[in-house]
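Worksheet: one structure, shown below.
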Amino acid sequence: MRTLPEILQSYSLRPIPILDVDIPLNKYVPLDLSVSNRDLRKIDITDHHLCQAYIDTMLKAHNGKVAYGGYLEQRNLYGNNNNFYGAVPRNIHLGIDFWTKAGTKVMVPISGKVHSFRNNTTVGDYGPTIILEHKLEGLLFHTLYGHLSVGSLRGLYKGQEFLAGSVLATLGTPDINVNYAPHLHFQIIEDLEGNYGDYPGVCALDKLHFYTKNCPDPNFLLHLELIIHD
């Protein structure tokens, strides 16, 4: 039996849009929010206004509309939140973030059904969140969509089916997505470990081996490396 990364990689030979299809894929711009980015050393990116200003600067410089990146990126983005800092800090990002305007449509990249949803309102969490369940080649896995609008949860029900390419949700504003600049957090999860409407989106270094296996790179599915820029 093939592994989940192998199955995901062969699902499509083309990049898959995860935001409004009216946004050309060549307007997606890679973004580095890691601790090694020297441009961020004098910017408090825990302030969503300053984070947004930096993102806007990068988008303007590259004539882009969506800034993306972050899988296994070690970040300072969570530095103002005690929920992420215990004996070992949780600061390694487990999904890909897509930073763009609030209200932007979120598309389903692969057909599935609603597993669970919840508004995770703790500061630093996802805000409104949807988890879809999928099965390919007999293997069950999940995709998580965080930082959505409250309206995205209205009318949802467990088991509701969504076809690939359909609209799932829209992005929330900072007051709704608990103090982050507007963006989509997209994560692939093999085993939800009993979680409902939520799952860790960042981990500590001592848990990285487990989470890397349980949360494979979303780019195995999306193939963002195939985007051709102008």
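The values are calculated or read from the model by the stated rules, or taken from the named source; none is laboratory data. These numbers were taken from a predicted model, which means no experiment stands behind them. All Cβ positions, glycine included, derive from the backbone under ideal geometry; neighbour counts span all protein chains shown.
Tabulated values for the structure
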read-out: Unique residue being at pLDDT below 95 and more than 24 Å from residue 4 (Cα to Cα) when the list is 167, 178, 150, 202; value: 178
read-out: Candidates 143, 173, filtered to the one that is crowded, with 18+ Cβ neighbours inside 10 Å and under 16 Å from the mean Cα position of the chain (by Cα); value: 143
read-out: Enumeration of residues in segment 177-230 that are among the hydrophobic types (A, V, I, L, M, F, W, C), surrounded by 14 or more Cβ atoms within 10 Å (Cβ to Cβ) and under 21 Å from residue 124 (Cα atoms); value: 178, 181, 184, 186, 188, 189, 192, 202, 203, 204, 208, 215
read-out: Matching residues, segment 91-108, being of a type in the set (Val, Ile, Thr) and in a strand (DSSP E or B); value: 92, 96, 106
read-out: Selected residue (criterion: nearest to the chain's Cα centre (by Cα)) from residues of segment 176-213 that are under 26 Å from residue 33 (Cα atoms) and aromatic (Phe, Trp, Tyr); value: 186
read-out: Matching residues in segment 125-164 - criterion: being among the polar types (S, T, N, Q) and more than 25 Å from residue 175 (Cα to Cα); value: 160
read-out: Contacts under 6 angstrom Cβ, first residue in segment 28-53 being in contact (Cβ under 8 Å) with a residue 12 or more places away in the chain and over 13 Å from residue 73 (Cα atoms), partner among the aromatic types (Phe, Trp, Tyr) and assigned to a loop (DSSP other than H, G, I, E, B), 6 or more apart; value: 48/180
read-out: Test: residue in segment 151-166 that is within 20 Å of residue 67 (Cβ to Cβ) and in contact (Cβ under 8 Å) with a residue 40 or more places away in the chain; value: no
read-out: Leading residue by the ranking (surrounded by the most Cβ atoms within 10 Å (Cβ to Cβ)) among those in segment 146-162 that are touching a Pro at 6+ places or on another chain (Cβ under 6 Å) and part of a helix (DSSP H, G or I); value: 152
read-out: Residues located in segment 109-131, provided they are buried (at least 18 other Cβ atoms within 10 Å of the Cβ), on the phi < 0 side of the Ramachandran plot and assigned to a loop (DSSP other than H, G, I, E, B); value: 109, 110, 125, 126
